[in-house]
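This report refers to the structure that appears directly beneath it.
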Amino acid sequence: MNELAGKHIVLGLSGGVACYKAADLCRQLLREGATVQVVMTEAAEQFITPVTMQALSGRPVYGSQWDAREPNNMPHINLSREADAVLIAPCSADFVARLAQGRADELLSLLCLARPTERVPLLLAPAMNREMWAHPATQRNLAQVVQDGAVVLGVGHGDQACGETGDGRMLEPAELLEELVAFFTPKVLAGRKVLVTAGPTFEAIDPVRGITNHSSGKMGFAIARAAREAGAQVTLVAGPVHLPTPRWVHRIAVQSALQMLEAVEPRAQLASVFIATAAVADWRPATASGQKIKKDGSGQTPVLGFVENPDILARVASSEHALVGDLFCVGFAAESHDLLAHATAKRQRKGVPLLVGNIGPATFGQDDNALLLVDAHGHRELPRASKRVLAQQLVAEIARRLPPLPVAT
Ligand code: C5P
């Protein structure tokens, strides 16, 4: 999707088995529109060859500070000045120690030291055995490099190449990509707590059946991800959907509208933004049978009675917290026609400052969509694009409507 268009990344590999993941990472960075300059330590070349990394990145790999290809013979200066970020993946325990000491006896640590720190961030994807990771020396060195301005993108937990299990795995390429994109995203929601509902609800008829709808949850999940990338602390209350939870988003899984309400209400009181994308079932069976309703062969069908579900959005929007302006509520409307008229009416009925209209059949299950934003001043269209892009645009629209954060005293 070209999430990194125009970005030039120096991808540094230090020695570790996770070098094999760096090959895929390199491809994924290019796929997202970045240009990648690979720099490898001697140890890294024990794990993967420069030939592979050159073929994948489309550029000769650098490995020595004495590389005569550079006219001025200063690869450490030239490479570090061009970069939008230096990403060390994998970053070995030894390399962290080198950074902590400010060593400069080989190209990769040299260019990290020589980079203009205020302009070229240093991002680390550690990869090592769990004992090495937990060792006080490593933790001490990491604390030092963070204090010196480096950003640790986190480590994974799980099976390690050595056969042990624990912390210290390098994050997967897709996770690192997500972290990198988040790193470059302007933090327009820094200091805000955002609560999002997403997906359908499932209203049980009996233990094996229920009423639900075709909401995929994709829009709400994309919004949760975009909000966290914009610096918010995000809680996502999701109905039954099989989507991966965006990184650093706290997900609460619910089934029914009543469970969604129970999860949302107390959390909304702590939030500064509430975005209701969930397709909440309008009704639920008046009584859910404790046992499976069996057909008895008589041809008689069960008679189901229904009761209306509470309107979660309207409830939250009419709470004191929202009425005094401490909670900005955003509703969604899935319509089949007359979008502007319906969205305008719904905004007033729900009592929310911003209502986002979309055409139901054109969004359910799709990867792209088009949105119509309606607020007290009028409306604005966000033309057809991927839900990912729309979520980013919507987050920016919400951010500029929020009251300024209170000044810390
Ligand atoms: O009334 P309608 O279902 O069209 O309203 C849609 C908006 O209200 C969405 O933002 C949806 O998440 C929210 N909603 C809700 N609780 C309901 C019904 C809808 O929060 N019971």
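The values are calculated or read from the model by the stated rules, or taken from the named source; none is laboratory data. Just so we're clear, the structure is a prediction, and the values are computed from it rather than from any experiment. Glycine gets a Cβ as well: all are built from the backbone with ideal geometry, and neighbour counts include every protein chain shown. Each accessible area value is taken on the protein alone, full model and side chains, heavy atoms only, with ligands, DNA and RNA left out. Shrake-Rupley method; radii C 1.70, N 1.55, O 1.52, S 1.80 Å.
Points to keep in mind about this one:
- Within the option set Glu229, Glu265, being in the same structural domain as Pro302 (by TED's automatic domain parsing) and within 17 Å of Leu313 (Cα to Cα) holds for one residue only, Glu265.
- In segment 283-310, the residues that are in contact (Cβ under 8 Å) with a residue 24 or more places away in the chain reach residues that are surrounded by 13 or more Cβ atoms within 10 Å (Cβ to Cβ) and basic (Lys, Arg) with C-beta atoms within less than 9 angstrom, at least six apart or across chains, in these pairs: Lys292/Arg209; Ile293/Arg209; Val307/Arg284; Glu308/Arg284; Asn309/Arg284.
- Residues of segment 264-284 that turn out to be crowded, with 19+ Cβ neighbours inside 10 Å and of a type outside the set (Ser, Thr, Tyr), as a count: 12
- Looking across segment 11-46, the residues that are closer than 27 Å to Arg130 by Cα, not in a helix (DSSP H, G or I) and not small (Gly, Ala, Ser) come down to Leu11, Leu13, Val17, Val38, Val39, Met40, Thr41, Glu42.
- Selection from segment 354-377 of residues that are open to solvent by less than 50 Å² (accessible area, probe 1.4 Å) and either of a type in the set (Lys, Arg) or within 14 Å of the ligand (Cβ to nearest atom) (or both): Leu354, Leu355, Val356, Gly357, Asn358, Gly360, Thr363, Leu371, Leu372, Leu373, Val374
- Where Asp326 falls short, out of the listed (1) open to solvent by less than 60 Å² (accessible area, probe 1.4 Å); (2) more than 11 Å from the ligand (Cβ to nearest atom); (3) at pLDDT 95 or above: (1)
- Annotation: Arg400 fulfils all but one of (1) open to solvent by 40 Å² or more (accessible area, probe 1.4 Å); (2) on the phi < 0 side of the Ramachandran plot; (3) at pLDDT below 95; the unmet one is (3).
- Set Ser256, Ser272: member being in the same structural domain as Leu304 (by TED's automatic domain parsing) and away from the ligand (no atom under 16 Å from the Cβ): Ser272
- Residues of segment 387-397 classified as in contact with a helix residue (DSSP H, G or I) (Cβ under 8 Å, 6 or more places away or on another chain) and either over 22 Å from Glu178 (Cα atoms) or open to solvent by less than 60 Å² (accessible area, probe 1.4 Å) (or both), total: 6
- Test result for Arg380, part of a strand (DSSP E or B) and either more than 12 Å from the ligand (Cβ to nearest atom) or open to solvent by 60 Å² or more (accessible area, probe 1.4 Å) (or both): yes
- Of all residues making up segment 307-323, the number that are over 28 Å from the mean Cα position of the chain (by Cα) and more than 10 Å from the ligand (Cβ to nearest atom): 5
- All positions within segment 275-306 that are under 14 Å from Ser256 (Cβ atoms) and within 12 Å of the ligand (Cβ to nearest atom): Ala278, Ala279, Val280, Ala281, Asp282, Trp283, Arg284
- Any chance Val249 is in contact with a helix residue (DSSP H, G or I) (Cβ under 6 Å, 6 or more places away or on another chain), within 14 Å of the ligand (Cβ to nearest atom) and either open to solvent by less than 10 Å² (accessible area, probe 1.4 Å) or β-branched (Val, Ile, Thr) (or both): no
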